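Quick notes on the structure that follows.
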Amino acid sequence: MSDIPQERRVRTAIPGPKSVELQARRTAAVAAGVGSTLPVFTARAGGGIIEDVDGNRLIDFGSGIAVTSVGASAEAVVRRASAQLADFTHTCFMVTPYEGYVEVCERLAELTPGDHAKKSALFNSGAEAVENAVKIARAYTKRTAVVVFDHGYHGRTNLTMALTAKNMPYKQGFGPFAPEVYRVPVAYGYRWPTGPENAGAEASAQAIDEITKQIGAQNVAAIIIEPVLGEGGFIEPAKGFLPEIARFAKDNGIVFVADEIQSGFCRTGQWFACEDEGIVPDLITTAKGIAGGLPLSAVTGRAEIMDAAHSGGLGGTYGGNPVACAGALGAIETMIELDLNGRARRIEEVMKGRLGEMRAKLPNGGVIGDIRGRGAMIAIELVKSGTKEPDAAATAALAKACHAEGLLVLTCGTYGNVLRFLPPLVIGEDLLNEGLDILEQAFATL
């Protein structure tokens, strides 16, 4: 645990004068296309706190977008990565290999769902992992088509932009995109026309019908889905949807890929979100929470599928960097030692309880249309009161009010109307409740 005092402290306006000064330097030197949620410059971070250059301490409900689940300066991550730094920073695993890479792959084989023989390949980013999963699936099946889902997000490379559903800000002006990508419906319970109780069966039937009629199951290499959709709005597909899609994939020789980049590594109260309905994916992509903030990602899956690519067909100069691998082993050590699955489930209990109380205080639920998510991956969808019309303006206003009081929150959603909460799994319950107090006050003044 970090030595940063686990207390919120707002000394200046947010952002403060030093952050404003740094922002001016940033504007002059950094490309305008690189955005930031909040132009507060970090000096240090750990536990549930981000301390900025002006001495303000913000409660962290973002975890660097689900990356610093073990905290931003976890002892085991720092210890292992520091030791590796002292030995060597890089050799390139494809030139001369090293044990850390192998050990991370061994741990992934143990932790991911299923008791079949598994292998992994390591990369740098989530998008790289997804792109390589597609390469592997195509090599294995000798097919080309890839099926993805409404509201899905899979990355910013050319192929993963094609896989991603949302145009702004991810795709606008960046085409043409990779071909042979097809999008089908997902069981978005809150917005399903006949209600959430019907969404799982109806959406799966509709998706399978579209795949069969419009693409041909025999042409599909991979079906890729986030077990909890992240950027699309923390959408939990309605019960029954994922098992039915996985069954269809198995029956038709299609590689079923679970994109667990945001939802993996204890974030939902299980090692991986697909475990909730007993899904055993053929391939699973991971990144974000894997290495405590160091750049690392992985594709893990059935050995016979992973071995389909020819020697030299997978890799990358920095993939499975030794320092990042050391960080990953430290992060996994922390997750086990602190039972971060249990911590995530407790965060869900506290957050859903408090958010439910806030909703109950508003007439007809007010702007809170839906409360959803699992573990420490919780969201509220905001709508115009008495309707299901998305209210992006209220979402932005709430986020701004929280930021001003020293609570970092993130937004997401296809309609820009979802407040998402991704606190570090090591956050203290006092800070968690204080952050929720700030949110409640923001609702009161909206």
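The values are calculated or read from the model by the stated rules, or taken from the named source; none is laboratory data. Everything numeric here is computed off the predicted structure, so don't read it as measured data. Every residue, glycine as well, gets a Cβ built from its backbone with ideal geometry; the counts of neighbours run over all protein chains shown.
Report the residue count in the stretch 40-86 for those that are of a type outside the set (A, V, I, L, M, F, W, C) and loosely packed, with under 15 Cβ neighbours inside 10 Å. Number satisfying all stated conditions: 4. Number of residues in the stretch 250-262 that are surrounded by fewer than 23 Cβ atoms within 10 Å (Cβ to Cβ) and closer than 13 Å to residue 212 by Cβ equals 2. In summary, residue 336 fulfils each of the numbered conditions (1) out of contact with any helix residue (DSSP H, G or I) (no Cβ under 8 Å at 6 or more places or on another chain); (2) β-branched (Val, Ile, Thr); (3) not in a helix (DSSP H, G or I) with the single exception of condition (3). Of all residues in the stretch 389-396, at least one satisfies being in a loop (DSSP other than H, G, I, E, B) and modelled with pLDDT of 95 or more. In the stretch 19-39, the count of residues that are surrounded by 15 or more Cβ atoms within 10 Å (Cβ to Cβ), touching a strand residue (DSSP E or B) at 6+ places or on another chain (Cβ under 8 Å) and either among the aromatic types (Phe, Trp, Tyr) or closer than 30 Å to residue 322 by Cα (or both) is zero.
When residue 312 is tested against the conditions (1) outside the structural domain of residue 142 (by TED's automatic domain parsing); (2) of a type outside the set (D, E, K, R); (3) at pLDDT 95 or above, the lone failure is (1). Here residue 188 passes the criteria (1) within 21 Å of residue 123 (Cβ to Cβ); (2) in contact with a His (Cβ under 7 Å, 6 or more places away or on another chain); (3) not polar (S, T, N, Q) except the one numbered (1).
With respect to residue 414, determine if the residue is of a type in the set (Ser, Thr, Tyr), touching a Lys or Arg at 6+ places or on another chain (Cβ under 8 Å), more than 30 Å from residue 12 (Cβ to Cβ) and outside the structural domain of residue 189 (by TED's automatic domain parsing). Here the answer is yes, as residue 414 does meet what is asked. The residues of the stretch 249-297 that are out of contact with any strand residue (DSSP E or B) (no Cβ under 8 Å at 6 or more places or on another chain), of a type in the set (A, V, I, L, M, F, W, C) and either more than 28 Å from residue 76 (Cα to Cα) or not assigned by TED's automatic domain parsing to the domain that holds residue 122 (or both) amount to a single one, 280. For the stretch 169-210, a tally of residues being touching a Leu at 6+ places or on another chain (Cβ under 6 Å) and under 18 Å from residue 244 (Cβ atoms) returns 0.
Being crowded, with 23+ Cβ neighbours inside 10 Å and among the hydroxyl-bearing types (Ser, Thr, Tyr): is that true of residue 160 here? Against the criterion (crowded, with 23+ Cβ neighbours inside 10 Å and among the hydroxyl-bearing types (Ser, Thr, Tyr)), residue 160 qualifies.
Residues of the stretch 163-216 that are assigned to a loop (DSSP other than H, G, I, E, B), of a type outside the set (Phe, Trp, Tyr) and crowded, with 18+ Cβ neighbours inside 10 Å: 164, 165, 166, 185, 186, 187. The residue of the stretch 277-303 that is surrounded by the fewest Cβ atoms within 10 Å (Cβ to Cβ), among those that are under 25 Å from residue 424 (Cα atoms) and touching a Pro at 6+ places or on another chain (Cβ under 8 Å), is 277.
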